[in-house]
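Here is the structure we will look at, set down as structure tokens.
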Amino acid sequence: MKTVVIGSGSWGTALAQTLADNGQDVTIYGVNAAEVNDINENHKNSKYFAETALNPVLRATTDLSVVKDADVVVLAVPTIAIEPICKEIDPLLTKKAIVVNVAKGFNPKTNERLSDVIRRCISPDHLSSVVSLIGPSHAEEVVIRQLTSIDAVSQNDADAIAIQNLFSNKYLRIYTGNDEVGSELGAAIKNVMAIASGILSGLGYGDNTRAALITRGLQEMIRYGTYFGGKEETFIGLTGIGDLIVTCTSVHSRNFEAGHQIGSENTVENFFRDNTKTVEGVRTAKIVHEVAKEKGIDMPICEEVYQILYEGKEPKDCANDLMIRKLKAEF
Ligand SMILES: NC(=O)c1ccc[n+]([C@@H]2O[C@H](COP(=O)([O-])OP(=O)(O)OC[C@H]3O[C@@H](n4cnc5c(N)ncnc54)[C@H](O)[C@@H]3O)[C@@H](O)[C@H]2O)c1
Ligand SMILES: O=P(O)(O)OC[C@H](O)CO
């Protein structure tokens, strides 16, 4: 199997190294020459992993024609780049490839789920199926081979199993799934909850608050996901509660980190001025706000994050407003 990983950032590098560790034929395609050269010449990706030594067989290129003849193409770019990169690679593919998406969120232009974007932009002659490889997984831990479990989710069972076998090894255990809607919506919305968790931490709240946020955040994810046809059980799996826990509680999470800055400063001003990192929950909060409003889905935590990010509401007021809503039964 020839695999090309599109994206020389943190997750693309960690996943490509996993395939290199598995003895697979894998090349990273990157647009950033400094990242590509660092991988090829120094066996590092210093921008993301400081001093971590990468598997020395790992290779990267800035030449997109590398996707010719690929059996598997892994899209490890931010959500904003998924549609443009699919349109770029489609004419270069020479056979039906399994396209693996690892991004978490929605297409910012159309609010589509990412698997739908890929199916729309890659012609049927070049696409076997789309597999979402998602779950609780910080690149910083996978790159140093910390034990991790995630899901390969697809409408095509055989392709999900192929991706499970391709990536699994003694430190990365992949489960398969077929609930594309539930898995992708869970993985997207947990980033908004991670921003909320960071905000509460930045405001000075502790363990009780975070447990409440994760539990009630999961209820919002279930409400939104089942509205669109996702299965409730998916949300108690790796792409639901699993990813929610890892992102709401980790110093590695860029969404949590963003929220922590916003909460501790009680404003979004400096975050929006200075941020250069991939913080997917920011765009997702806007999309969830728009869709939930249109469909009448009750998403109180997501709505307060939206109000902070886009409507100038102060974080401390949002936390208070969530607590003094009309009292009700838990279920
Ligand atoms: N980092 C993680 O731990 C992790 C884990 C699971 C999922 N993800 C998801 O993976 C996606 C990618 O995130 P990341 O963490 O790797 O981001 P990152 O910021 O570390 O790297 C993004 C990379 O994409 C590249 N890129 C941007 N546009 C491109 C294009 N058009 N063509 C080729 N390359 C392009 C950038 O140059 C950069 O190298 C996000 O949706 C994120 O939520 C990340
Ligand atoms: O750094 P974050 O917040 O994008 O989180 C990375 C992964 O999605 C965790 O599973």
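Of note:
Yes/no matrix, rows are residues, columns are (1) under 25 Å from residue 139 (Cβ atoms); (2) modelled with pLDDT of 95 or more; (3) polar (S, T, N, Q):
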| residue | (1), (2), (3) |
| --- | --- |
| 268 | no, yes, no |
| 273 | no, yes, no |
| 278 | yes, yes, yes |
| 289 | no, yes, no |
| 305 | yes, yes, no |
| 309 | yes, yes, no |
| 323 | no, yes, no |
| 326 | no, yes, no |
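- Residue count for the stretch 261-286 satisfying the condition of being more than 16 Å from ligand 2 (Cβ to nearest atom) and either in contact with a Gly (Cβ under 6 Å, 6 or more places away or on another chain) or hydrophobic (A, V, I, L, M, F, W, C) (or both): 3.
- The set of residues from the stretch 250-277 being within 14 Å of residue 196 (Cβ to Cβ) and within 14 Å of ligand 1 (Cβ to nearest atom) comprises 253, 255, 256, 257, 258.
- Contact annotation: residue pairs with Cβ atoms under 9 Å, 6 or more positions apart or on different chains, pairing a residue in the stretch 201-213 that is under 17 Å from residue 255 (Cα atoms) with a partner that is part of a loop (DSSP other than H, G, I, E, B), are 202/266; 203/266; 213/205.
- Counted residues, the stretch 51-70 - those being of a type in the set (Ser, Thr, Tyr) and either at pLDDT below 95 or under 23 Å from the mean Cα position of the chain (by Cα) (or both): 1
- Close pairs from the stretch 252-273: first farther than 17 Å from residue 104 by Cα, partner more than 8 Å from ligand 2 (Cβ to nearest atom) and of a type in the set (D, E, K, R), Cβ under 7 Å, at least 6 apart: 266/314; 266/316
- Considering residues of the stretch 1-17 that are more than 12 Å from ligand 1 (Cβ to nearest atom) and surrounded by 20 or more Cβ atoms within 10 Å (Cβ to Cβ) only, the residue farthest from the chain's Cα centre (by Cα): 3
- Complete set of residues in the stretch 181-196 that are away from ligand 1 (no atom under 16 Å from the Cβ) and buried (at least 23 other Cβ atoms within 10 Å of the Cβ): 182, 196
- Helices (runs of 4 or more DSSP H) fully within the stretch 214-331 counting 1 or more residues that are farther than 19 Å from residue 135 by Cα and not assigned by TED's automatic domain parsing to the domain that holds residue 141: 254-265, 269-274, 281-295, 300-310, 315-323
- Scanning the stretch 28-42 for residues that are buried (at least 20 other Cβ atoms within 10 Å of the Cβ) and either more than 20 Å from the chain's Cα centre (by Cα) or within 16 Å of ligand 2 (Cβ to nearest atom) (or both) yields 35, 36, 38, 39.
- Qualifying residue in the stretch 142-160 (condition: within 16 Å of ligand 2 (Cβ to nearest atom), at pLDDT 95 or above, closer than 20 Å to residue 14 by Cβ and acidic (Asp, Glu)): yes
The values are calculated or read from the model by the stated rules, or taken from the named source; none is laboratory data. This structure is a prediction, so every number in the text was calculated from the model and none was measured. Cβ: placed from backbone, ideal geometry, glycine included. Neighbour counts: every protein chain shown.
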